[in-house]
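These notes are about the structure you will find just below.
The values are calculated or read from the model by the stated rules, or taken from the named source; none is laboratory data. Computed from a predicted model, the values in this text were never measured in an experiment. We place every Cβ from the backbone using ideal geometry, glycine too, and count neighbours over all the protein chains shown.
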Amino acid sequence: MMLTLAMIVSSLGAAFAGEEEVNSKVLGAFKSEFKSAKEITWTIAANYYQASFLYNDQHVSAYYNLEGDLMGLTRYISPSDLPLTLQSDLKKNYSEYWISDLFEVANEEGTAYYITVENADTKKVLKAKDGKSWSEYKKIKKS
């Protein structure tokens, strides 16, 4: 499920929609869970709905299946929001890279972090599921 959610996040290309086009089960579940959400934007794909919104002054995305079940949440975070062990690991093992993207995924499997680090030649996407160390999720050679 964590991998599925990460793949959904990285391949968003679905159609945007208003509330009137969102499945009533999904809309009801969202409104029940996130009563104080603001600036809500819906995206519809073949097998899921994504709600992007402002919640407690943070930009969050919630992913729902067609039955209205919450599959997971994502939010962009800053490096200082990472657990200290992950910050230390970045400094120790990836100091020659800069960070171009960082987000947190939370679902029934727990919390994972995905970070994109780059240098002049390489782009790497790293994943941390245990909160203690990064593993290479994807590596891209720049041309």
Test: T85 is under 16 Å from the mean Cα position of the chain (by Cα) and either farther than 20 Å from V22 by Cα or acidic (D, E) (or both): no
Taking the range 109-133 and keeping residues surrounded by 14 or more Cβ atoms within 10 Å (Cβ to Cβ), out of contact with any Asp or Glu (no Cβ under 9 Å at 6 or more places or on another chain) and under 25 Å from N56 (Cβ atoms) leaves G131
All positions within the range 115-143 that are hydroxyl-bearing (S, T, Y), modelled with pLDDT under 95 and touching a Ser or Thr at 6+ places or on another chain (Cβ under 8 Å): S133
Picking from Y48, Y76, which residue would you name as being under 30 Å from W134 (Cβ atoms), aromatic (F, W, Y) and either surrounded by fewer than 13 Cβ atoms within 10 Å (Cβ to Cβ) or within 13 Å of the chain's Cα centre (by Cα) (or both)? Y76
Mind checking whether some residue in the range 85-108 is in a loop (DSSP other than H, G, I, E, B), surrounded by 13 or more Cβ atoms within 10 Å (Cβ to Cβ) and touching a residue at least 60 places away in the same chain (Cβ under 8 Å)? no
